[in-house]
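Written out below as structure tokens is the structure these notes cover.
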Amino acid sequence: MASAAMKLGAWPFLMCLSWAAKLRGTSEPLCSGNQFPLDAAGKYHAAGLARGEDLLNAKDLADFQEGLKAVADWAVPVAWHLSVTVNSSLKEAVKFGFAGRGGFLMITVPAEAAGIEVSATGRVAAGASDASFQYRDGPQVLNGDVIFKNFCLRPLKCGEKEFCGEGWTAKPPTTLGNSRLECCEAITCKDAAEVGGCNGTAWTKRPNFDQLKGYTRDQCCQPRLCDGSLCGPGFKAKNATGLQGSTTEECCEPAFCHEMKCPSETEYILVTHEADGKPRRGNTEEECCKEARCTDLDCGKSANLEWRNKTTPSGLGSTFAECCDKNFCADFKCSPSSQWKPKALPKLQQGGSNQACCQALSCKDYTCQDPKKMVPKLPDGRPSLALGSTDSECCELKFCKDYTCSDATKCSKKPLMEEGSPRRGFDDETCCEEIFCENSIDCERADGSKWRSKAPKVLLGLQGSTVQQCCDANFCADYNCSTDAQGTGHGTKWYKKADTNQYRYQGSTDADCCLPKYCATYETKLPLTKWKRRRAVGLLGSTDAECYEERRCVEEVNCHALGAANATDEHRLGSTREECCL
């Protein structure tokens, strides 16, 4: 191609250039509607570009911009699509894209890409005169090559994707766009099937209905709210707010007797239900009220028997005060006396029952005389509701679940259930069973390595369940820390804890008896260019061998990168050019 700067063989010279070269290809365009102004199938090289430099050289860039000027659709902010096949010799991903407003149609070239197609979709942010495809992000200068070919640059059209959902109609598929607002038009209320012209008794059209945009009744119609004036005799407005409608069926409901009041609440009875239990219809006195007669009232049903029937009841009424005689507590005897006692009441206090005239003697306030007995509680834990003031009325044997064995280390609770019921009792004999050392504890596992089992003869019949009762102690004074081969108390990784007059350390492991020496606190006198600290977290040690490792030239220094030759001795120690390179 005439605008290409060089052939592929001129690689050393390419490294010195700040612009990219391209080579013509012979393949046909790879996408429909491609507006790439240059040879889309040609190869374009990015070797040696610095960040911000154009992929195209000056002449090709001028041709590219001139070509775009002829494309009317290249305009801000029209949506375009870019795709291109890339090959990269770089060890890291880099970015290319058009300059303008922070960059647009940005593509990422993967590290060591081999014939990969990358693409981007975005909106034009610079006119044709300023269009420039640049190296945008990565190393300051590319130390390898990125080859672009099969460029596809085209505007996006509405027919390529579905944007219009419910309430919208699609514009022609050739329309430029990449969004609902560009590719769709809102439906008007008059054309929306769901709206149905706001027909029916519950809706009416909103103003400007024919021009209004919308596709639901809420968007296009106004609700017709119920008016109580619609309801005629025998009906009332439904007891709800915001009801929609314009008919009796929608807005009204029958009136019932339970919703009205009789002339006197005590001399008349409001009849709210028919004999068959159905609600009684009506809204007048004749339909809903009947006389209340004293002969129909049972005074013996009064609360606390405060009233009694008159010898000859007569007249209208439905209350005890209208139709009955009074009972007085002064004439009443509390019974049984172990559960009730008279209250201190005024002489004319009404009543004819224990509840009205007497004070209850509650078991919850009683203390059982037998210490092994208790006042029971209800299943939900509340105090007993029973009445009484004697053990026989109020008390029962306590439960073993509430008893504490005299020594929890030597006795354990028997099963709390016995033959399907809670075990009752309140002493060791009834509620507890003995614990023996030989069955209760494994000294070697009970507390790390701090204890050991007693001799079998000693354990025979010995009660207990703790290491103190059942085991012999292991003391650190008899233990040598790991790496303390001489028994001096100091090893290379541990040093022994020191007993005091008041405390003796127990155990038979490093963790129990020793304190660690961490490599982090050890400093070597060896040269740090040839030795480095081991990286393990919490590493133990206090010697060079434990805490440091060799630094080998073959692992530490790339002499070729420093312009020198590598030493041939693979065991050579060092981490600098002076130590490692020839």
Surpassing 25 Å at the alpha-carbon level, of the pairs Lys161/Lys190; Lys493/Lys525; Lys341/Lys377; Lys59/Lys95; Lys43/Lys95; Lys343/Lys373, are Lys161/Lys190; Lys343/Lys373
Work out how far the C-alpha atoms of segment 491-582 reach from end to end along every principal axis, then list the three figures in whole Å, largest first.
-> 68, 19, 18
Net +/- balance of residues flanking Ala62 in space, Cβ distance below 12 Å, scoring K and R +1, D and E -1 = -2
Hey, what number do you get for the chain at 222 nm if only DSSP H runs of n ≥ 4 count, each worth -39500 (n - 2.57), divided across all residues, to the nearest 500?
-> -2500 deg cm²/dmol
Quick one: which residues, 5+ away or cross-chain, put their amide H under 5 Å from the amide H of Arg552? H built at 1.01 Å from N.
-> Gly574
What is the projected area of the convex hull of the Cα atoms of the chain, averaged over all directions, in nm²?
-> 66.2
Assuming R0 = 22 Å, can you tell me the calculated FRET efficiency for the pair Met106 and Asp130, based on Cβ-Cβ distance, to the nearest 0.05?
-> 0.85
Considering the alpha-carbon set of segment 117-161 alone, what are its Rg and its Dmax in angstrom?
-> 14.1, 42
If the label point is 7 Å along Cα→Cβ of Ser449, which residues in segment 536-550 have backbone nitrogen under 18 Å from it?
-> 540-541
Once amide hydrogens are built 1.01 Å from N within the peptide plane, the residues lying 5 or more places from Lys343 or on another chain with amide H under 5 Å from its amide H are Cys358, Gln359
With axes computed from alpha carbons, what is the tilt in degrees of helix 58-69 against the longest principal axis of the chain, rounded to the nearest 10 within 0 to 90?
-> 50
Go through segment 223-237 residue by residue and turn each phi into a ³J(HN,Hα) via Karplus (6.51, -1.76, 1.60, θ = phi - 60°); whole Hz please, and just put x for glycine and proline.
-> x, 9, 8, 4, 10, x, 5, 5, 7, x, x, x, 10, 9, 5
Be a star and scan segment 410-442 for residues whose amide nitrogen sits under 15 Å from the point 7 Å along the Cα-to-Cβ vector of Thr404.
-> 410-413, 427-428
Inter-label distance for Asp191 and Ser412, nm, one decimal - labels placed 7 Å from Cα along Cα-to-Cβ = 8.4
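Taking the Cβ-Cβ separation of Gln369 and Val458 as r and a Förster radius of 41 Å, what is the calculated FRET efficiency to the nearest 0.05?
0.35
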Search the structure for amide H atoms under 5 Å from the amide H of Cys368, placed 1.01 Å from N in the peptide plane, and list their residues when 5 or more places away or on another chain.
-> Val375
What list of ³J(HN,Hα) couplings, whole Hz, do you get for segment 549-554 from phi and the Karplus terms 6.51, -1.76, 1.60, once you set θ to phi - 60° and write x for glycine and proline?
-> 9, 5, 9, 9, 4, 4
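No lab work stands behind these numbers, since they all come straight from the coordinates. Keep in mind the model is a prediction, meaning the values are calculated, not measured. Cβ atoms come from the backbone with ideal geometry, glycine included; neighbour counts cover every protein chain shown.
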